[in-house]
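Just so you know, all these numbers are worked out from the coordinates, no wet-lab data involved. If you're wondering where the values come from, they're calculated on a predicted model, not measured in any experiment. Glycine also receives a Cβ, built like all others from the backbone with ideal geometry; neighbour counts cover every protein chain displayed.
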Amino acid sequence: MPNPTVTALFRPEILAMSAYHVADAENFIKLDAMENPYGWPADIQQAWLEHLKDCPMNRYPDPEAKSLAAALRSSNNIPEEYGLLLGNGSDEIIQILQMALSGDATVMAPEPGFVMYKQIALSLGLHYQGVPLQADGFDLDLPAMLAAIHSSQPSLIFLAYPNNPTGNLFDAQAIKEILAVAPGLVVVDEAYAPFADASFIGELPNYPNLLVMRTVSKLGLAGLRLGFLAGDNAILEQLHKVRLPYNINCLTQITANFALTHQDFLLEQTRSICQQRSEVLAELQTMADIKSYPSAANFILIKTLTRSADEVFVSLKKQGVLIKNLSPQGGVLHNCLRVTIGKQEENRAFLAALQNALRNPQ
Ligand code: PMP
């Protein structure tokens, strides 16, 4: 029975929505959430613990996270003339951006794409328009995007580069054409930049409506919850009004700053993940029962051809391996699964479990 107070209090779009679901991963080989599988070397961890002593827990953190912002700027080559906005994960930045829009604004993103763009738009009562990617290869359908932009005049477009959950980099020229005609802001979401040899940061001078968003999550710092947005100062000035004071806590500020000054080990881990990605993809491509898609990110999308993805997902879980089942999202993701690249032994366990799931229906 629905609680009448609840149904009376909340907007219909909130009542109709499901909360973002995070699977319980305890005791699984965890390959579901695009995390870096490696821990910190013992000497680095020791130095970090020493460093934490400088964190004044009785004080509010620096509201502008100045020292961390400078470290992010230099490690990501963001020129001084552009503003930075830091968020509690890039999720929070997606929310800040949309909270600042006018109430009847349209938010647009290609689909399949990162689900939070739509979830946040709907939760704020904004219009959301998804534009299908090309069915074959998942590149942008440029004529469809241009037509949708023309008819809906979106205030904000998200383009994930590389895209989640498909793993590919959209054609850069198509993104530039979108930037040239978009009537509002275009956020190029570079969450997976550490694994891709491509970025739009260098395009900031060419497009005043371009904002580049990044996160430290995939680099190996998902626990910190830290993302940032770079772009035109006049735009970021408005967004800062919506940002809550002290949104980056002092443990995150001090730890991220420390990690960025010791980032060689993270970059080395990223190189290993890219190496592992090639090995896993080569193995997947030998399997006739699935189609696997090339990836510029730290995960690979696969489609089951002979068995249902739901069955394969359950079988993998029974074998102790947790990946992401995208099939419930339907459409082109029907029978699709997404596996994050883990350590070599985790990837091998996944590949063996997958072979088993495809061969031996449970
Ligand atoms: N953008 C994309 C494309 C993502 O896939 C994710 C996380 N899965 C995010 C943004 C959010 O990352 P975070 O909030 O951890 O910074």
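Details
- Calculated mean residue ellipticity at 222 nm for the chain: -12000 deg cm²/dmol, from DSSP H runs with n ≥ 4 weighted as -39500 (n - 2.57), summed, divided by the residue count and rounded to 500.
- Ranking SER74, LEU124, GLY184 by Cα position along the charge dipole of the chain, where only Lys, Arg, Asp and Glu carry charges on their C-beta atoms, puts LEU124 farthest toward the positive end.
- Low-density loop cleavage sites - trypsin sites (Lys or Arg not before Pro) in the stretch 59-164, where at most 15 other Cβ are within 10 Å (DSSP): ARG59
- In terms of other Cβ atoms within 10 Å, CYS55, CYS336 run from fewest to most in the order CYS55, CYS336.
- Cα gyration tensor category, rounded, prolate or oblate, for the stretch 238-287 with a/c compared to 1.5: oblate
- On the beta carbon distance between ASP54 and GLU80, with R0 = 25 Å, the FRET formula returns roughly 0.40.
- Gaussian network model of the chain, Cα within-10 Å springs - most flexible of ALA282, ALA19, ALA256: ALA19
- For the chain, relative contact order (Cα pairs under 8 Å, six or more residues apart, normalised by length) works out to 22 percent.
- In the chain, a dipole from Cβ-located charges (positive for Lys and Arg, negative for Asp and Glu) runs towards its positive end, and of VAL332, VAL107, GLN238 it is VAL332 whose Cα lies farthest in that direction.
- Once you divide the Cα radius of gyration of the chain by 2.2 N^0.38 Å, the number left is 1.02.
- Tensor-based shape of the stretch 56-261 (alpha-carbon gyration tensor, a/c under 1.5 rounded, otherwise prolate or oblate): prolate
- Anisotropy class of the stretch 167-296 from Cα gyration tensor, a/c 1.5 cut: oblate
- When only Cα pairs below 8 angstrom with a gap of at least 6 residues are kept, the stretch 56-261 shows a relative contact order of 29 percent.
- A Förster distance of 22 Å, applied to the separation of the beta-carbon atoms of HIS150 and SER102, puts the FRET efficiency at 0.65.
- Counting beta carbons within 10 Å around each of ILE290, ILE341 and listing the fewest first gives the order ILE290, ILE341.
- Legend: residue pairs LYS66/LYS324; LYS176/LYS317; LYS53/LYS118; LYS218/LYS317, Cα-Cα distance threshold 32 Å; pairs beyond threshold, LYS66/LYS324; LYS176/LYS317; LYS53/LYS118.
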